[in-house]
Ligand code: FE
């Protein structure tokens, strides 16, 4: 944990000095030097507002937020260099956190609080300098299928998606999207590069259409009948399941969901996470903010706000859509998310060779 120079001691001595000058305006150090933390966030959910307000209430540290997508944030950090006002970076994929890390955009931190709260497999590998990023919520990459056309048993492993029996059925977003790069990196860990490349070739051969759109478009593609089976992150599905719009209800009725590989290595899990910016000016406040994100109350807000699971294992949430999907729990892949980045270059080369756009 990082300690600030005792503000209470300074405040007390200043108060004593000021009391000698009756009638003079008394300015506390807190007022003179407002405590802030500057956040660059790729998360923009209404519930996050409450999260930041609670942090300010608890610590007196004001949160200034800049919203952008992951790629925009990384580009901005690079362009701003040492002049960057960013203190904390919130990103929504392990592959992007890995990218920011190897581009030298993060400052390693040492925090017993974070090391205790966040499981080792959901954070960057620690070095002597500390840890560069921590996951604060998890999401699974699952299979959705057309209940009328596809048997659950034919699509309940990632491997089977490449089987000829599923020819003409598969829809995915771009293979190069970070969510797929991370999944394929995990598959590479389990099957090895040669088998993974064969598998990817099978995926391409089974496509119902060229990769396009986002995960929600794949879910809609299954509901419309254009696709028989697709890959999606759980929160996109949860959003549809929790929607009261008739069109979403119709989609939810048509599709089935399966958490793949429950009998083998488990379903691939990714994270949303945070890092302290390399050129942070308010490092202590940044660490405090990240430690706050690991508290049970913040974990609840953070995870539920986007229909994810808390990274802190002891925090349990009661999300109706996630409960309905999993039936309570599921077997998650044990590959550390820090490994996902390191396979990415290899994975992209394989994608190029098999023609997976
Ligand atoms: Fe997303």
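No lab work stands behind these numbers, since they all come straight from the coordinates. None of these values were measured; they are calculated from a predicted model. Ideal geometry is used to build each Cβ from the backbone, glycine not excepted, and the neighbour counts take in all protein chains shown.
Each label point was placed 7 Å from the Cα along the Cα-to-Cβ direction; for residue 49 and residue 177 their separation is 2.8 nm. Per residue, the chain reaches -13000 deg cm²/dmol at 222 nm when only DSSP H runs of four or more residues are counted, each adding -39500 (n - 2.57). Could you tell me what percent of the DSSP beta bridges with both partners in the chain are antiparallel, to the nearest 5? Antiparallel bridges make up about 70 percent of those DSSP assigns within the chain. How tilted is helix 344-354 with respect to the longest principal axis of the chain? Cα atoms for both, answer in degrees (0 to 90, nearest 10). Taking Cα atoms only, the helix is inclined about 30 degrees.
Extension gain for residue 59-residue 342 works out to 98.2 nm (0.36 nm per residue, less the C-alpha to C-alpha distance). Within the range 63-218, all pairs of alpha-carbon atoms sorted by distance into 5 Å bins from zero give the percentages 2, 7, 14, 17, 16, 13, 11, 9, 7, 3, 1, 0. Rounded, prolate or oblate, given the Cα gyration tensor of the range 144-216, with a/c below 1.5 counting as rounded? Here the range 144-216 falls in the oblate category. Taking a ≥ b ≥ c as the square roots of the eigenvalues of the Cα gyration tensor, the range 66-111 is classed as rounded, since a/c falls below 1.5.
With Rh defined as the Kirkwood radius, the inverse of the mean 1/r over Cα pairs, the Rg/Rh of the chain is 1.05. Shape verdict for the range 237-357, please, from the Cα gyration tensor: rounded (a/c under 1.5), prolate (a/b greater than b/c) or oblate. Because a/c hits 1.5 or more and a/b fails to exceed b/c, the range 237-357 counts as oblate.
Relative protection proxy for 57-67, 265-275, 115-125, from highest mean packing down: 265-275, 115-125, 57-67 (other beta-carbon atoms within 10 angstrom). Figure the gain on full extension for residue 224 and residue 314 (residue separation times 0.36 nm, minus the Cα-Cα span) and round it to one decimal in nm. Length gained between residue 224 and residue 314: 28.5 nm. For the chain, the longest principal axis of the Cα atoms and the long axis of helix 70-80 meet at an angle of about 40 degrees. Output the 0 to 90 degree angle, nearest 10, between the alpha-carbon long axis of helix 296-305 and the longest principal axis computed from the alpha carbons of the chain. Helix 296-305 sits roughly 40 degrees off the main axis of the chain. Taking 0.36 nm per residue of separation and subtracting the current Cα-Cα distance, fully stretching the chain between residue 82 and residue 353 would add 93.7 nm.
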